[in-house]
1. If you add up the charges near A64, with Lys and Arg at +1 and Asp and Glu at -1, over every other residue whose beta carbon is less than 11 angstrom from its beta carbon, what do you get?
2. Excluding T126 itself, what net charge comes from residues whose Cβ is under 11 Å from its Cβ, given Lys and Arg +1 and Asp and Glu -1?
3. Among residues other than I35 whose Cβ falls under 11 Å from its Cβ, what is the net charge (Lys/Arg +1, Asp/Glu -1)?
4. What accessible area per residue comes out for the range 14-106, rounded to a whole number of Å², with a 1.4 Å probe?
5. So if each residue of separation counts as 0.36 nm, and I subtract the Cα-Cα distance between V153 and S85, what length gain in nm does that give?
6. What order, most packed first, do the peptides 122-131, 37-46 have when packing is the mean number of other Cβ atoms within 10 Å of each residue?
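The values are calculated or read from the model by the stated rules, or taken from the named source; none is laboratory data. Fair warning: this is a prediction, and the values are worked out from it, not measured in the lab. Quick reminder, even Gly has a Cβ in these numbers, built from the backbone with ideal geometry, and neighbours come from all protein chains shown. All accessible areas refer to the heavy atoms of the entire protein, side chains included, with ligands and DNA or RNA removed. Shrake-Rupley method; radii C 1.70, N 1.55, O 1.52, S 1.80 Å.
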Amino acid sequence: MLEKTLLLILPLFSVALSQLCQPDAPGAFKVRFNIKKALGDKAYAWNADEEFLFKAMMVFAMRAHIDNTIEITNVLICNVTPRVSFWFVITSPSNSSEPMQNTEVKNAIRLERNRINSAFLLDDNTLEFLAIPPTPAPEPASSSKSWLIVFGVVVGLLGIASIFLVISGVKRKKNKDKAKSEVHDECENRLKSTETVENGARLDNVQFSEGEDNEAFEIITPF
């Protein structure tokens, strides 16, 4: 009796799953692999193992950002083409007949695009989630901006050095002029001191005693 019941339920369950995973179904996403374009002669064949790896990566993304109870059985794949494109749906772990919200799936996949790409040796251009644009990487700082910064620093340092040299030159010139002025004043003071000493010595030589003046006066005037 149980076996008959299971035989009746399984087809219904398969039909329900097939209705979940079909093109443009609610919660369904299309993905395209350009393996030959990316790897050329080293391209690998798409098979059941690669499908299992894809499901595992979807489970990893969902567990990391949405729900850590999701299993491989919650990832459905359908409409696989020889050129490796297919649709997939991720169902809710609490209700396998209900797909997870599109926004949650999109955010989780966008946050793990690098890990997913690396698992298949592809990039954003060769592994395309058609309804999930990749998260743009931050723009690297351009080398021109770096050179402008370096140039500005060098010019600033040169400007500071030039100002320092000009100020040092002005101070040096002032100190030199001041030293010359001091030497000149010192020389003038010495000359004045010398003249004063010499004048005083002459006056001392010309002075006579009182007796000598009288004798000289008598010699000159006999009367």
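1. Working: positive: R63, R115; negative: D67, E112.
Net charge around A64: 0.
2. Values: positive: R32, K36, K37; negative: D123, D124, E128.
So the environment of T126 carries a net charge of 0.
3. On the way: positive: R32, K36, K37, K42, R83; negative: E50.
Once positives and negatives cancel, what remains is +4.
4. Accessible area per residue: 55 Å².
5. On the way: separation 68, 0.36 × 68 = 24.48 nm, distance 5.38 nm.
Taking V153 through S85 to full extension adds about 19.1 nm, to one decimal.
6. 122-131, 37-46
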